[in-house]
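**Q** Structure provided below as structure tokens; questions to follow.
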Amino acid sequence: MLIFFLLLIVPIGLSAARYYWLGDGRGNWQTADRSSAGLLPPASSHPDALIRVYAARTVRWRSIFAVHTWIVVKEKDATSYSRYDYTAWGEPIRSNGFAPDGRWFGALPETVVAVDGPQAEFLIPRIRTVIETYKFRAYGDYSAWPGPNSNTFVQAALDAVPELRAVLPPTAIGKDYPYSGEWIGLTASRTGFYASLSGYLGLTLGWVEGLELNFFGAVLGVDIRRPAVKLPGIGRLGVGAGL
């Protein structure tokens, strides 16, 4: 039990020390850079259908613990991308409020999911259905912790497309919130199961997801398929989640 708590507390302490000693280098969040990070080509020059999920550290002290995730899709031959965020301000489900691959208030995004071509074309309608029918879309539904938040929203979309075999970072706090109301069920990849007590406590075990323990939002785990450890505050250390 002592080792378990040390594995939870020490990584968060290191992330906090980095933040308070070095800062996040973004300056005032209100004027922080939200321009394209150059991860996507111009939509008009990329005729194939496309799906991307990006993650970037959240703003100010919350960056110690968490990332914000969002979804980008583009149908075949479309000349523009569609970006979807779930936010605490303005319209809860924000469509094209930022550049598709934009910096999140100065933080560079990392690619969590990248699928192009016929597979993306096949899966996009299911993702759009989740976006259009997402039940936590009213003002006041957003809850930074334990959810539903931006990561709950993206996880809901990923759950609808198990073919992606996608895994959000352990720092995507809110991904384990049971938005469907089911406390026990199959993982997004359908290769295992999860159990979640309203997002406060939880267990995930799957071939794609690996083993994850959720302790009040802090996720500790290990991935055997693509060897890595998952630490709260720090994230995934090892081979990328990939497909």
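**Q** What ³J(HN,Hα) values, in whole Hz, does the Karplus curve 6.51 cos²θ - 1.76 cosθ + 1.60 give for the range 84-91 when θ = phi - 60°, with x put for Gly and Pro?
**A** So the Karplus estimates, Gly and Pro as x, are 10, 10, 10, 10, 8, 10, x, 4 Hz.
**Q** Still on this structure, please answer the following. Per residue, how much accessible area does the range 51-146 have with a 1.4 Å probe, in Å²?
**A** Result: 45 Å² per residue.
**Q** Normalised by the residues of the range 104-193, what does the relative contact order come to in percent, with Cα pairs under 8 Å and at least six apart? Working shown, then result.
**A** On the way: 79 pairs, mean separation 25.6, N = 90.
Result for the range 104-193 is 28 percent.
**Q** What value, in deg cm²/dmol to 500, does the helix sum -39500 (n - 2.57) over DSSP H runs of n ≥ 4 give at 222 nm once divided by the residues of the chain?
**A** Values: 3 runs with 47 residues, N = 243.
So the helix-based figure for the chain works out to -6500 deg cm²/dmol.
**Q** Could you tell me which of Ala218, Gly240, Ser198 has its Cα farthest along the dipole of the range 190-243 towards the positive end, charges placed at Cβ (Lys, Arg +1; Asp, Glu -1), taken about the Cα centre?
**A** In the range 190-243, that residue is Gly240.
**Q** At 18 angstrom or more along the helix axis (alpha-carbon based) and mean Kyte-Doolittle of -1.0 or higher, what helices does the chain contain? Whole DSSP H runs only.
**A** Values: long enough: 2-22 (29 Å, 1.85); 118-133 (24 Å, 0.12).
Membrane-span-like by this criterion, though nothing is claimed about a membrane: 2-22, 118-133.
**Q** Now for a separate question. Starting at the first residue of the range 94-108, write each ³J(HN,Hα) from the Karplus equation 6.51 cos²θ - 1.76 cosθ + 1.60 with θ = phi - 60°, in whole Hz, x for Gly and Pro.
**A** Those phi angles translate into 9, 9, 6, x, 9, 4, x, 10, x, 5, 8, 6, x, 8, 5 Hz.
**Q** What list of ³J(HN,Hα) couplings, whole Hz, do you get for the range 216-233 from phi and the Karplus terms 6.51, -1.76, 1.60, once you set θ to phi - 60° and write x for glycine and proline?
**A** Ordered by residue, 3J(HN,Hα) equals 6, x, 7, 9, 10, x, 8, 10, 8, 4, 10, x, 6, 10, 10, 10, x, x Hz.
**Q** Then there's this: How many nm is it between the label spots at Phe216 and Gln30, if each spot is 7 Å from the Cα in line with the beta carbon?
**A** Rounded to a tenth, the inter-label distance reads 3.3 nm.
**Q** Roughly what % of Cα-Cα distances in the chain sit above 26 Å, to the whole percent?
**A** Tail of the P(r) past 26 Å holds 36 percent of the pairs.
**Q** Give the carbon-plus-sulfur fraction of the accessible surface of the chain in %, rounded to a whole number; probe 1.4 Å, heavy atoms of protein chains only. Please list the in-between numbers first.
**A** Numbers: 7210 of 11440 Å².
Carbon and sulfur together cover 63 percent of it.
**Q** Kindly report the accessible area of the range 149-243 per residue (heavy atoms of protein chains, probe 1.4 Å, no ligands, DNA or RNA), in Å².
**A** That works out to 38 Å² for each residue.
**Q** Among 2-13, 217-228, 164-175, 84-95, how do they line up from the highest to the lowest mean number of other beta-carbon atoms within 10 Å?
**A** Ranking the peptides 2-13, 217-228, 164-175, 84-95 by packing returns 164-175, 217-228, 84-95, 2-13.
The values are calculated or read from the model by the stated rules, or taken from the named source; none is laboratory data. Just so it is clear, the model here is predicted, and its values are computed rather than measured. FYI the Cβ positions are ideal-geometry reconstructions off the backbone, even for glycines, and counts take in every protein chain you see. What goes into the accessible areas is simple: the full protein's heavy atoms, side chains included, and nothing from ligands, DNA or RNA. Shrake-Rupley method; radii C 1.70, N 1.55, O 1.52, S 1.80 Å.
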